[in-house]
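Written below as structure tokens is the structure these notes are about.
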Amino acid sequence: MGALLVRHLIESTLLCLLLGAIAASLQRQRAAVRHALWLIGVSKLLAPTFLLTATGAQLAFLLPATAWISYLAARASALLLALFGNWPSHLFTDAIQNGFHPLLALWLLGSTVMFAGWFIRLGQSRYMLMPAGSEEKEALERARQTFGFTAGIEIGLSRSSNEPSLVGLFRPAITIPQGLRERLSSMEYNAVLLHELAHARRRDNLSSAFVHAVACIFWFHPLLWFAEKRLISELERACDEAVIRCGITPRTYIAALVKVC
């Protein structure tokens, strides 16, 4: 089982690096394309190739690992196991004989801490919202009509947040820092709302939660934290592009971003 896990981590890392390199070479393409490539790379960590192969060639094709990636992963995992495979038996003999593996316990402890901190932040972000006034709700309705957004969504004010954001997983809500509307023109405020509606339409709250959950599980993998940052950057750019496609001029949008910052 240890050999399969090591091979899976190496294989997933190689595939994620490959897709990340492809995304980096597509700077002239839409940000949504680059975001999708990074998202596929991160998803591979939850889909071991040996499990996909065992359940059928059709499923394995959904998240393919090319022949050279599988070959490199097999060679690298064999090398690592040859070098370090005997460490636990020498360092933790008593613990293993009792059915307790310190490395597994450390992995689970780290994941538990990461998930606990994340859930606390999620609860606080929704709990600290204040009801929005009629002007904010009317502005949101105008932005929804401009964007063609028909799904239900709430808007609230926040004292703690420094920038607009989309909070919540299954009932998303747009949070606006208190007093922000007074600092923006109507067109600039509309651009800010369109940006958050773009997040809601793309289901960025769910995809970001998925990626962060993977990062909490494999908290020890530095590539995942880098990939998460790249994903956040690309989804923000994708929403910026959506705002411009709605007819907001770049000058107005940049002015809104500067004032928000």
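Residues that are in the same structural domain as SER165 (by TED's automatic domain parsing), touching a His at 6+ places or on another chain (Cβ under 9 Å) and either under 22 Å from GLY148 (Cα atoms) or in contact (Cβ under 8 Å) with a residue 24 or more places away in the chain (or both): does the stretch 182-198 have at least one? Talk me through it step by step, then tell me what you get.
Initially, the stretch 182-198 is screened for residues in the same structural domain as SER165 (by TED's automatic domain parsing), giving 182-198.
From what is left, the residues that are touching a His at 6+ places or on another chain (Cβ under 9 Å) are none.
Within the stretch 182-198, none of the residues are in the same structural domain as SER165 (by TED's automatic domain parsing), touching a His at 6+ places or on another chain (Cβ under 9 Å) and either under 22 Å from GLY148 (Cα atoms) or in contact (Cβ under 8 Å) with a residue 24 or more places away in the chain (or both).
Can you tell me which residues in the stretch 124-154 are modelled with pLDDT of 80 or more and touching a Ser or Thr at 6+ places or on another chain (Cβ under 8 Å)?
Listed by number, the residues that qualify are MET130, ALA139, ARG144.
Hand me the list of strands (runs of 3 or more DSSP E) wholly inside the stretch 112-231 holding 2 or more residues that are surrounded by 17 or more Cβ atoms within 10 Å (Cβ to Cβ).
Values: elements: 129-131, 154-158, 165-167, 173-177.
By residue number, 154-158, 165-167, 173-177.
Restricting the first residue to the stretch 22-33 and requiring it to be of a type in the set (Lys, Arg), which pairs with a second residue that is in a helix (DSSP H, G or I) meet a Cβ separation below 9 Å and a spacing of at least six or different chains?
ARG30/ARG237; ARG30/ALA238; ARG30/GLU241
The values are calculated or read from the model by the stated rules, or taken from the named source; none is laboratory data. What you see is a predicted model, and the numbers here were worked out from it, not measured in a lab. Because the Cβ atoms are built from the backbone with ideal geometry, glycine has one as well, and the counts that use them run over all protein chains shown.
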